[in-house]
1. In the structure displayed, which of K59/K123; K41/K134; K134/K225; K52/K175; K34/K182 lie more than 31 Å apart, Cα to Cα?
2. Net charge near G321, counting Lys/Arg +1 and Asp/Glu -1 over other residues with Cβ under 9 Å of its Cβ?
3. Ranked from highest to lowest mean number of other Cβ atoms within 10 Å per residue, what is the order of the peptides 3-16, 56-69?
4. Compute for the chain: radius of gyration divided by Kirkwood radius, i.e. Rg/Rh, restricted to C-alpha atoms, rounded to two decimals.
5. To the nearest 20 Debye, how big is the dipole of the range 1-108 about its Cα centre, given +1 on the beta carbon of each Lys and Arg and -1 on that of each Asp and Glu?
6. Ordered by packing density, taken as the mean number of other Cβ atoms within 10 Å over each peptide's residues, highest first, how do 102-112, 193-203, 17-27 rank?
7. Please work out the average accessible area per residue across the chain, using the 1.4 Å probe convention, and give it in Å².
8. Subtracting the Cα-Cα distance from 0.36 nm times the residue separation, let me have the gained length for D103 to E217 in nm, one decimal.
Amino acid sequence: MAEMSKKERFEAVVNGELPDRVPVHDVACIAMSKATGNIWKDLRFNVEASTKATLEYNKLSDSDFCFGMLETSSMFSDLGVDVSQPEDNYGNVGSFYFSSPEDIETKELYDPSDRSQSPLVHKGIIDKIQDYRKNKTSDQLTCGWSWGAFTTAGFLRGPENLLMDVLEDPDSAKKAVCKAAKLVDGLIREDSVGVDVIWIADPTSTGGMIDEAMFREFVLPETKKLVEGWKRDFGVPVMYHVCGDTMPIIDAVPETGIDIFSIDHAMNMAAARERVKDKICLMGNVDPITALLNGTPEDVTRESKRIIEEGGADGRFILAGGCEVARDTPIENIQAMVSAAKNYRY
């Protein structure tokens with residue numbers, strides 16, 4: 001088979017066709033900073049420096065995808081909540097915007113299309129994605145990004161409060177998710193113009209916190225609406241990542257309309273493939289800690305080959321870390337994962 005471009009390879013696996021080789025996504029964000037000798041505080045809201053470092057990193061990794069150097073907590077910084085800014089790590093959201101169910105009804109969110117309302121989310125996410133897309137020098141695929149609606153609701157309300165609402169005040173929980181979905185939609189419509197894939201991270205939807213019935217009631221409706229709108233208006237595939245054990249919700253996930261389900265290293269890839277069959281493409285799930293952070297290149301190669309055998313036999317598979325790769329992950333281990341995808345054929 002002739003060598004495909006990265007875009008052709010991606011389109012093949014999404015469409016259920018056999019590509020020339022396994023596509024690979026390194027899921028690197030803050031790891032790019034460390035690999036290029038930077039400190040995160042110097043990149044957090046510096047668009048030009050982030051693009052420069054991303055371009056440098058991509059020459060080292062040669063992944064099929066570029067995730068980007070995104071300050072993900074900036075999605076909430078413009079709300080005026082407490083967001084810490086460690087010198088060499090992501091910001092942490094330390095307070096809640098919706099302190100009570102009444103707040104869900106009355107407090108408005110910012111409009112991501114209005115820079116005057118959302119300067120930090122522009123500098124931390126939107127401008128970074130768009131600036132890299134305009135300046136990239138390779139055919140690596142670019143990604144739009146946002147937290148998922150349920151996870152965003154968890155940040156706004158507080159994860160424990162949201163889960164208590166799910167159990168004791170379901171109407172308030174649904175209102176929080178609905179309001180969060182509007183913020184997610186606004187962000188995606190700003191940062192995803194011209195990208196190749198939309199990337200949604202929804203860790204609060206994990207099967208360790210909610211079951212399938214809860215997923216169907218509180219996550220599926222808004223997520224499905226969002227995905228339908230994006231695919232209609234942007235015409236690109238949607239990736240959806242959920243951390244932890246997602247076996248309890250896996251039967252409902254394809255109903256969201258997503259194209260790629262990114263699964264955590266806690267999942268058994270063969271079992272996940274058996275459950276979803278050929279409904280969607282699976283992505284994952286090299287252990288980001290044991291293998292990528294703390295292992296050797298040989299460990300990563302061995303683990304990558306095993307996962308390819310379990311998940312990639314029919315072609316609807318992308319090799320990747322089971323979650324974002326850790327900040328201090330050796331570049332040699334990331335390169336080993338990319339090499340495994342390039343060299344280990346179906």
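1. Long pairs (Cα-Cα over 31 Å): K52/K175; K34/K182.
2. Net local charge, G321 excluded: -3.
3. Result, highest mean first: 56-69, 3-16.
4. When Rh is taken as the Kirkwood radius, the ratio is 0.95.
5. Computed about the Cα centre, the dipole is about 400 debye.
6. Descending packing order for the listed peptides: 17-27, 193-203, 102-112.
7. I get 39 Å² per residue for this part.
8. Extending this stretch completely gives an extra 38.9 nm.
The values are calculated or read from the model by the stated rules, or taken from the named source; none is laboratory data. Since we're looking at a predicted model, the values are computed, not measured. Quick reminder, even Gly has a Cβ in these numbers, built from the backbone with ideal geometry, and neighbours come from all protein chains shown. In case anyone asks, the SASA skips ligands and DNA or RNA and just uses the protein heavy atoms, side chains included. Shrake-Rupley method; radii C 1.70, N 1.55, O 1.52, S 1.80 Å.
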